[in-house]
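Encoded as structure tokens, the structure appears first; notes follow it.
The values are calculated or read from the model by the stated rules, or taken from the named source; none is laboratory data. Bear in mind that the values here come from a model prediction, so they are computed numbers and not experimental data. Note that we place each Cβ from the backbone using ideal geometry, even for glycine, and neighbour counts take in every protein chain shown.
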Amino acid sequence: MLGRIILGLILCVVGYFFVWKPLTFLDLIGPIPFAEKWFGNSVSFYKFVGVFIIMIGFLAITNLHGRVLEWLVGFIAR
């Protein structure tokens, strides 16, 4: 239980840094052609990824990640 909470907090912090400093990740990773085409620029894509990571972190903290995964698999398998 404590490990799940710590992992979720780490994910939230990493996601926060993706949203807070996307230009740093742009310098480290570089531009993504897919993101340039569909999101307009890579900075917006890195922010989107950061929000997604934060959501996964909160799901891990609250122990809802299993239910969400079951729902997604059930929705796709229909």
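Numbers for the structure displayed
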quantity: Test result for residue 56, on the phi < 0 side of the Ramachandran plot, in contact with a helix residue (DSSP H, G or I) (Cβ under 9 Å, 6 or more places away or on another chain) and modelled with pLDDT of 95 or more; calculated: yes
quantity: Those residues of the stretch 1-38 which are within 25 Å of residue 58 (Cβ to Cβ) and among the charged types (D, E, K, R), in sequence order; calculated: 4, 21
quantity: Members of the stretch 34-78 that are of a type in the set (S, T, N, Q) and under 20 Å from residue 24 (Cβ atoms); calculated: 41, 42, 44
quantity: Entirely in the chain, the helices (runs of 4 or more DSSP H) that have 1 or more residues that are among the charged types (D, E, K, R) and surrounded by fewer than 10 Cβ atoms within 10 Å (Cβ to Cβ); calculated: 22-29, 33-38
quantity: Cβ pairs under 7 Å, 6+ apart, first in the stretch 51-78 and under 20 Å from residue 18 (Cβ atoms), second exposed (fewer than 12 other Cβ atoms within 10 Å of the Cβ); calculated: none
quantity: Those residues of the stretch 40-78 which are more than 16 Å from the chain's Cα centre (by Cα), over 24 Å from residue 5 (Cβ atoms) and of a type outside the set (A, V, I, L, M, F, W, C), in sequence order; calculated: 40, 41, 74, 78
